[in-house]
Amino acid sequence: MAGFAYFPHTEEDIRQMLQRIGVGSLDDLYSDVPDGVKYKGEYDLPSALSEQEVRDWFASLDAKDVPLKVFVGAGAYDHYTPSVIPYITSRSEFLTAYTPYQCEISQGTLRYIFEYQSMICTLTGLDVSNASMYDGPTAAAEAMKMAVASAKKKNRVLLSKALLPNVLHVVETYAKYAGIDLGYLSAESGQTSLADLQEALAAGDVAGAIVPSVNRYGIVEDLTGFADALHEQKAVLVQSCDPSALAVVKSPAEWGADIAVGDGQSLGIPLNFGGPYVGFMACKTEYLRKLPGRIVGQTEDRDGKRAFVLTLQAREQHIRREKATSNICSNESLMALWATVYLSLMGPKGMQQVNDLSYAGAHYLDDALLATGRFQPVFDKPFLKEFVLKPLVDPAKLQAKLLEKGFFAALQTEEGYVSFCVTEKRTKAEIDALVEAVKEV
Amino acid sequence: MKYYDKLVFELSREGRTGYSLPANPWSKGAETLPAALRRSTPAALPQVSEVDVVRHYTNLSQMNFGVDTGFYPLGSCTMKYNPKINEEIAAMPGFQRLHPLQPACSVQGALEVYYEMNKALAAITGMSLFTFNPCAGAHGELTGLMIMRQYHLLRGDVKRTRVIVPDSAHGTNPASAAVCGLEVVVVKSTPEGLVDVNDLKPLLDDTIAGIMMTNPNTLGLFEKEIVEIASLVHACGGLLYYDGANMNPMLGVVRPGDMGFDIMHLNLHKTFSTPHGGGGPGSGPVGVAARLADIIPVPKVVRSSDGTFQVVGASEKTAGQVSGFLGNFGIILRAYAYILALGKENIKLAGKLSVLGANYIKESLKDAYKLPIPTVCKHEFVFDGLINDGAHDEVHGATTLDVAKRLLDFGFHAPTIYFPLLFHQAIMIEPTETESKETMDAFIEVMHKIAAEAAQDPTILQEAPHTTPVRRPDETRAARQPILKFGDAAV
């Protein structure tokens, strides 16, 4: 207390406060704690560091990380972050606020969440969005639970094998403990199999299917026939999407999807070594009552002014307790603000250009890599910004060489392919340099 | 706070742009995709200039109250000051640009943060090993329960599908249990507000996977019988889960591991000072006792014998994978910066000072607000409404909601209200160790003033707030006629 910056107490303050309480010392405040469980040792921690020492410590660690040009996606995309975003999101009125329970002094948070929900709805084409989820994979897991909760007595959910690996792993984990049966749809052609779906549906126990929009191979999936087949069996179509790509590829609503989920990281959020990101979730109105998480709605205050509040809270864990189908409480609100500011800045044209640059760069790289003779094509399907190739050289050596030259590229996949991704941040010169490095392997 | 009534969509003008992107050197784009795979019409995103965006969100921010604005005595939420150096650390460009799948050799600095953070949290809690993959407290609870279930499953003990939760528990506890496929068994509280050991005993059998507790509990009371509870639960073959939402007052005094807990989560956005961000991102690391170390989720960070750090993506006994990558790294950076700044000397004081503040406010206000449990509290405590709510004849008295709304007029955030559910007019106050005596005295004075107003004329409270940008929005209408996005018509 004597001079620690985060504790404002003086010795005299403490004395007066103890006096008001009627105890003699700080330790007396713990008289209800049995002596046997008290910790009497010294924490095995460093002594307090000054601010400069804290900064220097992290700077020294930061220096151990190797700066690389990122040519990998796999669920985390290196899109450009306009400088306006951190400027806005670091405003302490947003940053240091709690969940907007006291709506009268939280209209800032409530309005941006309402805008975020509106943007997710226009990108997906669906009716309603929640206020955010943890990340894309957990949003997919929540969608699985929603599918089962919406279906009467059907407990099986089908997963496309073309979903991102981490989406599959998280959904499988949630399913295991929730007692939900999973089935799989193959994707040997690089595209989720409709025949597999039709076959699986014949059993009559399917609550829904989760399929990607742009899949783990970067391929834009053709979901013709998926929604009809599922709806015929009163099962739901869940689409797992990259929201950046939704600016150009067919939307979940256009494919007839009932629920859309994905990771909003691609909307201007830095890679951050995996987090924080932001999961999104949108659905048709008929599934609104099963939608997990917080939702912001518009209303009027007692003076007739437009106002925003958390609404439909009867769905949520703090009301439903053990009857809840989701336990989400904290979400990723500030990251939803990142995405909202990003989409405000980019608008429809900026999003188009981001995708055009990524698409063109990725196709340029694909052609150039094939021309080196060190790869074979795998799938002959339309892709957006990510693609896989079959390496004709040792993939470990390939990645090591690229690393040495300052590139993170050629991510090895479970299938034995290598994966590349190009965003608008990668210049033609960087792509050319990557190809030159490949030629050295 | 000034009322500002725009939505960004309402600023939109066709042809306006707020971005700056490089020229496309390839003169082709995504229109090359087959038409059947392309969306038919562009998304209806706003078209606004950069300055429009900056002013709009600046105006929105000015309708918001944060910890930097003022006192935030929100019980159970630990709204302590968020140190600014932590923001600078999290924004270091070297950390921000790391892709989560980069080879371990290129991210040794980041992995060392995980390793050191694990060591620090293990020291503070007495647990053996932490996973940082959960993104929030409730996510940590779910992860912890998955570990609990996996522990029993690995032993072939498949009957254990029920979990005991006290009636005073946070709402997330029973919800997490349900999501994890566990049946919730409620154990009652004694009139003193503690878990009733006599009610607990008959519940313990070979179908019990474990018990979830928070200590101090949601009433701010230390569960004195914890050692007996731990031995009873362990004797029946169950595990103890510690909900770390209330860890703050235990800093430097009691470690969950020493109380007999096997699994716990921490809310880094509570105890370890990371900002709440209007509802997230948080981080909910889960710690386990040594015998459960093999069960923690993947991916996980390990240290090799040569001193380098690796990421392990699969393991035989693991409970599974609970989030996309290694967790909310940006939050972990902030929390570790906080631990380094406090050091072992100050971290011990944080808990005691938080308890000092809570008891000071409790003792200062019990003349005006009903104090159902008068004993010494820990970091928070609960009032059960006003002693004199102003009700007489036909006049209805002021409720807890009215008190909360009136506080807003005086520049304070409201406490948590109507939780815990054990008291109908619950007002739950948690000041944290970062508030000065002057701030708490000002709060106490205002709470007394509000109590006096209520006694004299409760309508002043019932019509509050009077000075905020909006006043008591119509929540019933919001739920009955939902308008959930721009352009929705009320139905």
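The values are calculated or read from the model by the stated rules, or taken from the named source; none is laboratory data. Every value quoted in this text rests on a predicted model; they were computed, and no experiment measured them. Here Cβ is always computed from backbone atoms with ideal geometry, including for glycine, and neighbour counts include all displayed protein chains.
On the stretch given as region A:307-319, residues that are in contact with a Pro (Cβ under 9 Å, 6 or more places away or on another chain), facing chain B (nearest Cβ under 7 Å) and of a type outside the set (Ser, Thr, Tyr) total 4. Scanning region B:451-491 for residues that are closer than 18 Å to B:GLY411 by Cα, part of a loop (DSSP other than H, G, I, E, B) and touching a residue at least 24 places away in the same chain (Cβ under 8 Å) turns up B:ALA464, B:PRO465, B:HIS466, B:THR467, B:THR468, B:PRO469, B:VAL470, B:ARG472. Of all residues in region B:352-360, one or more are within 22 Å of B:PHE272 (Cβ to Cβ), touching a helix residue (DSSP H, G or I) at 6+ places or on another chain (Cβ under 8 Å) and of a type in the set (S, T, N, Q). Residues that are modelled with pLDDT of 95 or more, under 30 Å from B:ARG97 (Cα atoms) and either in contact with a His (Cβ under 8 Å, 6 or more places away or on another chain) or buried (at least 23 other Cβ atoms within 10 Å of the Cβ) (or both): does region B:304-319 have at least one? Looking through region B:304-319, at least one residue is modelled with pLDDT of 95 or more, under 30 Å from B:ARG97 (Cα atoms) and either in contact with a His (Cβ under 8 Å, 6 or more places away or on another chain) or buried (at least 23 other Cβ atoms within 10 Å of the Cβ) (or both). Annotation: of all residues in region A:320-337 being of a type outside the set (Lys, Arg) and under 14 Å from B:ASN173 (Cα atoms), the one that is surrounded by the most Cβ atoms within 10 Å (Cβ to Cβ) is A:ILE328. Annotation: of all residues in region B:267-293 being away from every other protein chain (no Cβ under 13 Å) and of a type in the set (A, V, I, L, M, F, W, C), the one that is nearest to the chain's Cα centre (by Cα) is B:VAL286. Scanning region B:335-367 for residues that are under 22 Å from the mean Cα position of the chain (by Cα) and among the aromatic types (Phe, Trp, Tyr) returns B:TYR336, B:TYR338. Hey, does region B:188-209 have a residue that's of a type in the set (Ser, Thr, Tyr), assigned to a loop (DSSP other than H, G, I, E, B) and without any contact (Cβ under 8 Å) to a residue 12 or more places away in the chain? Yes: region B:188-209 contains one or more residues that are of a type in the set (Ser, Thr, Tyr), assigned to a loop (DSSP other than H, G, I, E, B) and without any contact (Cβ under 8 Å) to a residue 12 or more places away in the chain. Criterion applied to B:LEU356, B:LEU349 was being outside any loop (DSSP other than H, G, I, E, B), at the interface with chain A (Cβ under 7 Å from one of its Cβ atoms), surrounded by 21 or more Cβ atoms within 10 Å (Cβ to Cβ) and among the hydrophobic types (A, V, I, L, M, F, W, C), and the one residue passing it is B:LEU356. Just for region B:16-49: of the residues that are surrounded by fewer than 18 Cβ atoms within 10 Å (Cβ to Cβ), over 17 Å from A:VAL354 (Cα atoms) and not polar (S, T, N, Q), which one is farthest from the other protein chains (Cβ to nearest Cβ)? This residue is B:ALA35.
Looking only at residues of region B:73-88 that are out of contact with any helix residue (DSSP H, G or I) (no Cβ under 8 Å at 6 or more places or on another chain) and more than 7 Å from every other protein chain (Cβ to nearest Cβ), we find that the one that is surrounded by the fewest Cβ atoms within 10 Å (Cβ to Cβ) is B:LYS84.
Screening the candidates B:ALA110, B:ALA122, B:ALA104, B:ALA91 for the property of being crowded, with 24+ Cβ neighbours inside 10 Å and either under 30 Å from B:PRO249 (Cα atoms) or more than 7 Å from chain A (Cβ to nearest Cβ) (or both) yields one hit, B:ALA110. Which of the residues spanning region A:349-368 are surrounded by fewer than 24 Cβ atoms within 10 Å (Cβ to Cβ) and touching a helix residue (DSSP H, G or I) at 6+ places or on another chain (Cβ under 7 Å)? Within region A:349-368, A:GLN352, A:ASP356, A:TYR364, A:ALA368 qualify. Among the helices (runs of 4 or more DSSP H) confined to region B:81-181, the ones with at least 2 residues that are of a type in the set (D, E, K, R) are located at B:84-90, B:108-125, B:137-154. Residues being among the charged types (D, E, K, R) and in contact (Cβ under 8 Å) with a residue 24 or more places away in the chain are entirely absent from region B:30-48.
Return the only residue of B:PHE423, B:PHE410 being at pLDDT 95 or above, surrounded by fewer than 22 Cβ atoms within 10 Å (Cβ to Cβ) and aromatic (Phe, Trp, Tyr).
Going through B:PHE423, B:PHE410 in turn, the sole match is B:PHE410.
Here A:TYR342 meets each of (1) more than 8 Å from every other protein chain (Cβ to nearest Cβ); (2) surrounded by fewer than 24 Cβ atoms within 10 Å (Cβ to Cβ) with one exception, condition (2).
Of the numbered criteria (1) more than 14 Å from every other protein chain (Cβ to nearest Cβ); (2) free of Cβ contacts under 8 Å to residues at least 12 places away in the same chain, the one A:ALA360 fails is (1). Counting only residues that are touching a Lys or Arg at 6+ places or on another chain (Cβ under 9 Å) and at pLDDT 95 or above, region A:331-353 holds 2 of them. Going by the structure shown, is A:ALA48 part of a loop (DSSP other than H, G, I, E, B), within 7 Å of chain B (Cβ to nearest Cβ) and farther than 26 Å from A:PRO165 by Cβ? Against the criterion (part of a loop (DSSP other than H, G, I, E, B), within 7 Å of chain B (Cβ to nearest Cβ) and farther than 26 Å from A:PRO165 by Cβ), A:ALA48 qualifies. Of the residues making up region B:59-72, those that are within 7 Å of chain A (Cβ to nearest Cβ) and not in a loop (DSSP other than H, G, I, E, B) are B:LEU60, B:SER61, B:ASN64. Out of the residues in region A:87-103 meeting the condition of being free of Cβ contacts under 8 Å to residues at least 12 places away in the same chain, touching a helix residue (DSSP H, G or I) at 6+ places or on another chain (Cβ under 8 Å) and facing chain B (nearest Cβ under 7 Å), tell me which one is surrounded by the fewest Cβ atoms within 10 Å (Cβ to Cβ). Step by step, filter region A:87-103, then rank; the result is A:SER90. Scanning region B:1-54 for residues that are aromatic (Phe, Trp, Tyr), under 36 Å from the mean Cα position of the chain (by Cα) and assigned to a loop (DSSP other than H, G, I, E, B) yields B:TYR3, B:TYR4, B:TYR19. Checked against the criterion of being small (Gly, Ala, Ser), away from chain A (no Cβ under 13 Å) and under 25 Å from the mean Cα position of the chain (by Cα), the candidates B:GLY385, B:GLY397, B:GLY390 yield just one match: B:GLY385.
Per the listing B:PRO458, B:PRO415, B:PRO469, B:PRO431, the residue uniquely within 9 Å of chain A (Cβ to nearest Cβ) and at pLDDT 95 or above is B:PRO469.
Does A:SER90 qualify as being on the phi > 0 side of the Ramachandran plot and in contact with an Asp or Glu (Cβ under 8 Å, 6 or more places away or on another chain)? Taking the combined requirement at face value, the residue does not satisfy it.
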